[in-house]
Amino acid sequence: MTIYLNALGMICPLGSTHESIRARLFAGDSGVRPDPQRTNAAGQALCLGAVAADARLPEGGHLPLRERSRNNLLALAALEQIRTQADAAIARFGAHRIGVVLGTSTSGIAEGEQAFRRQVTEGAFPPGFHYGQQELGSPAAAVAATLGTTGPAYVHSSACSSSGKAMASAARLINMGLCDAVICGGADSLCDFTVAGFSALESVSAQRCNPLSANRNGINIGEGAALFLMSREPSRVALSGWGESSDAHHISAPDPEGRGASLAIGQALQRAALEPGQIDYINLHGTATQQNDAMEARAIDALFGAGVALSSTKPFTGHALGAASAIEAGLCWLAMQDDNGDGLLPPHLWDGAADPLLPALDTVAVGRGLGRPPRHVLSNSFAFGGSNVALVFSRVED
């Protein structure tokens, strides 16, 4: 039976409403900006995808101290947008039949960083710190506590594939009959740990990231949250397919031939009962690192050729790590709604200097549309350790 994505709540560097996010996306207005507080070894301000400083986040005072973190408040900000639909599902199915499955990679690490600085300078942790804030399961616990649900609640943390795997896991809970509806997606927040870590790998760009370009030189770290209500209740967009694989090639580098990526994409297409030619648009993982872009371009070329429109949306949002899959799924979901009658596609922001060592692909220019909302969309996420996930979304016509 079909699994539907009934409602979306999202907060990211493009905004915190469907209207603002979609407007900026289709206009080519990036949310990635230089942050003078975070610099590289040369003293250059790094470009980051930060949620606007004046964005309204919930108070979170109802949560136990161990669940209070900015990361969880981002998740609750997304939850607020779908609270009506979530409460209706609880009323219909019962709190024990509602699951919460999220992805994250940072959880409350930022609170831990602040607390340890305080401990070093003042000899004690601040009273508002609890070690549990850093627990990776915290976001699911916070969402479940806020809703009052008692069904399965857990978190995937597999780096950049986390929230995509959470969505696939949520679909399995429904298919197995363990849940009637699941709040699924992901949340991640900026912290020094991830910025410094990727900088140490020489993978962070001081400029807006430049995927597929001959001049690409790394990622922009981002943050945000996207939560879906998933169920069998019919709605406009279905999660029609998903595929997962593991390269087991290297701790941080992908298999250069893209075999694991191709396997995940093939599984997703097979589960959706689609041929490659039926996909209208591909949302690339597109990190703008040398190895990822090369691997993904080869995999896409082998499976689809140059005949499918595609883009990386990370120049708009930065790479939100554990939340990236869900945020990019949200951008695809927005493009598939009725109010995108022109079928505008998420554009590919770059310098246009195609890497001659990569296959030629059909990147989307700002303003390009299909003349109708896309019917079938593929979204890829590839993580450290070769953890790959591919999701297929299909538009359901009346």
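For the reader, a short list of remarks on this structure follows.
- Any chance SER245 is surrounded by fewer than 23 Cβ atoms within 10 Å (Cβ to Cβ), closer than 18 Å to VAL392 by Cβ and touching a strand residue (DSSP E or B) at 6+ places or on another chain (Cβ under 9 Å): yes
- Matching residues, segment 202-239, being at pLDDT 95 or above, small (Gly, Ala, Ser) and out of contact with any Cys (no Cβ under 8 Å at 6 or more places or on another chain): SER213, ALA214, SER231, SER235, ALA238
- THR363 more than 30 Å from SER169 (Cα to Cα) and among the polar types (S, T, N, Q): yes
- The set of residues in segment 248-271 being closer than 20 Å to PHE393 by Cα and either surrounded by fewer than 23 Cβ atoms within 10 Å (Cβ to Cβ) or not small (Gly, Ala, Ser) (or both) consists of SER262, LEU263, ILE265, GLY266, GLN267, LEU269, GLN270, ARG271.
- Residues of segment 262-299 satisfying the condition of being of a type in the set (S, T, N, Q), under 22 Å from MET336 (Cβ atoms) and in contact with a strand residue (DSSP E or B) (Cβ under 6 Å, 6 or more places away or on another chain): GLN267, GLN278, ASN283
- When residues of segment 146-169 are limited to those that are under 24 Å from ALA91 (Cβ atoms) and among the polar types (S, T, N, Q), the one surrounded by the most Cβ atoms within 10 Å (Cβ to Cβ): THR149
- Test result for VAL195, buried (at least 22 other Cβ atoms within 10 Å of the Cβ), modelled with pLDDT under 95 and under 20 Å from GLN290 (Cβ atoms): no
- Among the residues of segment 290-345, those identified as part of a loop (DSSP other than H, G, I, E, B) and surrounded by fewer than 22 Cβ atoms within 10 Å (Cβ to Cβ) are GLY305, ALA306, GLY307, VAL308, GLN337, ASP338, ASP339, ASN340, GLY341, ASP342, GLY343.
- Residue in segment 46-86 that is surrounded by the fewest Cβ atoms within 10 Å (Cβ to Cβ), counting only those that are assigned to a loop (DSSP other than H, G, I, E, B) and β-branched (Val, Ile, Thr): ILE82
- Condition check for LEU358: out of contact with any strand residue (DSSP E or B) (no Cβ under 9 Å at 6 or more places or on another chain), over 25 Å from GLY224 (Cα atoms), part of a loop (DSSP other than H, G, I, E, B) and touching a residue at least 24 places away in the same chain (Cβ under 8 Å): yes
Table: residues versus (1) among the aromatic types (Phe, Trp, Tyr); (2) at pLDDT 95 or above; (3) in contact with a helix residue (DSSP H, G or I) (Cβ under 7 Å, 6 or more places away or on another chain).
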{"site": "ALA23", "(1), (2), (3)": "no, yes, no"}
{"site": "SER30", "(1), (2), (3)": "no, yes, yes"}
{"site": "GLY49", "(1), (2), (3)": "no, yes, yes"}
{"site": "ALA53", "(1), (2), (3)": "no, no, no"}
{"site": "GLU59", "(1), (2), (3)": "no, no, no"}
{"site": "ASN72", "(1), (2), (3)": "no, yes, yes"}
{"site": "ARG83", "(1), (2), (3)": "no, yes, no"}
{"site": "ALA91", "(1), (2), (3)": "no, yes, no"}
{"site": "HIS96", "(1), (2), (3)": "no, yes, no"}
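- Any hit, segment 117-134, residues being of a type in the set (Ser, Thr, Tyr) and either crowded, with 24+ Cβ neighbours inside 10 Å or touching a helix residue (DSSP H, G or I) at 6+ places or on another chain (Cβ under 7 Å) (or both): no
- Filtered residues of segment 117-151 (kept if of a type in the set (Val, Ile, Thr) and more than 24 Å from ILE98 (Cα to Cα)): VAL120, THR121
- Residue within segment 204-216 that is over 20 Å from VAL396 (Cα atoms), within 16 Å of the chain's Cα centre (by Cα) and of a type outside the set (Ser, Thr, Tyr) present: no
- Residue count, segment 104-147 (criterion: closer than 23 Å to ALA326 by Cα and part of a loop (DSSP other than H, G, I, E, B)): 8
The values are calculated or read from the model by the stated rules, or taken from the named source; none is laboratory data. Note that the structure is a prediction, hence the values are computed from the model and not measured. Methodologically, a virtual Cβ is constructed for each residue, glycine included, from the backbone with ideal geometry; neighbour enumeration extends over all protein chains shown.
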